[in-house]
Amino acid sequence: MKKSELTKEDILSDRMGVECLIFDFDGTIAETEEAHRDAFNKAFVLNKLNWHWDQHIYKKLLKVAGGKERIEFYNKSLLSHSKQISGKDIEEIHFQKTKFYSQSVSQGFVQLRPGIREFLEKAKFNKKKLAISTSTSRDNVALLLRSCLKENPEDVFSFISTGELVEKKKPSPDLYKLVLEEMNLLPEECLAFEDSRIGLISAKRANITTAVNPSRYSMGDNFEEADYFLTSFLLEKFPKSLRRILSL
Ligand code: XBP
Ligand code: MG
């Protein structure tokens, strides 16, 4: 029988609980956004642009997923008071931004969120499948995992769904749908972990049960569609109902 012929009830009665945990990356696996923000600002200086994204502006800009898209949005928006730049300039600035960001990850300025390492280890030990769904690039994911987890990404995660693989980033469901497709999973077999509202909407549009643990930039945002709300990645702090469906 094909998986798609099973009803939700068949799957829930299977007692396997959740089969695959899908993690967002920026803000969930690690607090990366200050390093991204700093890298954008350095790239603006290098290009003699008098743009500066302070924390207040950056919180607003995080509603746009993806670095290039964020620069594009700012360029077109009222937030930009200076002359608009070309598409080619945007490519170049984003390329330099990525270099600055890589430097700060390599120098150890970005850390995993507390509890993430232990959570991933325990999930892996208990034979859960693991995946990533992120608007950022495969290179950014690989670099951070190698430097913080000391592991090759593909040894930890069965599939890594990244911005360059889809046409539309979050809040579109495409990144999550790609995980389901590539891993031959039904939404009911998965649980997503997100830190942002656009990430939550993306996972819910793919019909995936979602736990939100806000990051420093998304604290206080509206997460009313979340199935679970977390204040930590330490398993002992998870709601009991979530631990039950995770069987961890
Ligand atoms: C968050 C993002 C990322 C980074 C910038 O991704 O929107 O785009 O801020 O990354 P998620 P790039 O929460 O889905 O992991 O500059 O590499 O695009
Ligand atoms: Mg995120």
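The values are calculated or read from the model by the stated rules, or taken from the named source; none is laboratory data. This is a predicted model, so every value here is computed, not measured. When we count neighbours, we look across all protein chains shown, and the Cβ atoms used for this are built from the backbone with ideal geometry, even at glycine. Only protein heavy atoms, including side chains, enter the accessible area calculation; ligands, DNA and RNA are left aside. Shrake-Rupley method; radii C 1.70, N 1.55, O 1.52, S 1.80 Å.
Table: residues versus (1) in a loop (DSSP other than H, G, I, E, B); (2) among the charged types (D, E, K, R); (3) modelled with pLDDT of 95 or more.
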site	(1), (2), (3)
Thr136	yes, no, yes
Asp139	no, yes, yes
Leu143	no, no, yes
Arg146	no, yes, yes
Lys169	yes, yes, yes
Tyr176	no, no, yes
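So Leu185 passes all but one of these: (1) surrounded by 15 or more Cβ atoms within 10 Å (Cβ to Cβ); (2) of a type in the set (A, V, I, L, M, F, W, C); (3) under 18 Å from Arg113 (Cα atoms). Which condition number does it fail?
Here Leu185 meets the rest and fails (3).
Among the residues of the range 87-97, is there at least one that is part of a helix (DSSP H, G or I), assigned by TED's automatic domain parsing to the domain that holds Ala192 and within 16 Å of ligand 1 (Cβ to nearest atom)?
No, there is no match, as no residue in the range 87-97 is part of a helix (DSSP H, G or I), assigned by TED's automatic domain parsing to the domain that holds Ala192 and within 16 Å of ligand 1 (Cβ to nearest atom).
Exactly one of these conditions fails for Leu248: (1) within 27 Å of Val110 (Cβ to Cβ); (2) at pLDDT 95 or above; (3) hydrophobic (A, V, I, L, M, F, W, C). Give me its number.
Unmet condition: (2).
Assuming Lys63 fulfils every condition listed in (1) touching a Leu at 6+ places or on another chain (Cβ under 8 Å); (2) assigned to a loop (DSSP other than H, G, I, E, B) apart from one, which condition is it?
It fails just one condition, (1).
If the Cβ limit is 6 Å and pairs must be 6+ apart or interchain, which residue in the range 25-44 that is more than 9 Å from ligand 2 (Cβ to nearest atom) pairs with which residue that is of a type in the set (D, E, K, R) and open to solvent by less than 20 Å² (accessible area, probe 1.4 Å)?
Ala39/Lys97; Phe40/Lys97; Ala43/Lys97
Residue under question is Arg138, and the condition is that it be of a type in the set (D, E, K, R), open to solvent by 10 Å² or more (accessible area, probe 1.4 Å) and within 16 Å of the chain's Cα centre (by Cα); does it hold?
Answer is yes for this residue.
Restricting to the range 93-117, count the residues that are farther than 17 Å from Val141 by Cα and open to solvent by 80 Å² or more (accessible area, probe 1.4 Å).
Going through the range 93-117 one residue at a time, the tally reaches 1.
Search the range 184-204 for residues that are more than 18 Å from Leu230 (Cβ to Cβ) and pair each with any residue that is buried (at least 24 other Cβ atoms within 10 Å of the Cβ) and among the aromatic types (Phe, Trp, Tyr) when their beta-carbon atoms are under 8 Å apart and the residues are at least 6 apart or on different chains.
Going by the 8 Å Cβ cut-off, there are no qualifying pairs.
Asp195 is checked against (1) in contact with a Phe, Trp or Tyr (Cβ under 9 Å, 6 or more places away or on another chain); (2) buried (at least 18 other Cβ atoms within 10 Å of the Cβ); (3) farther than 23 Å from Ala39 by Cβ; (4) charged (D, E, K, R) and fails just one. What number does that condition carry?
For Asp195, the exception is condition (3).
Search the range 199-238 for residues being surrounded by 21 or more Cβ atoms within 10 Å (Cβ to Cβ) and among the β-branched types (Val, Ile, Thr), and hand back the single one that is farthest from the chain's Cα centre (by Cα).
Ile208
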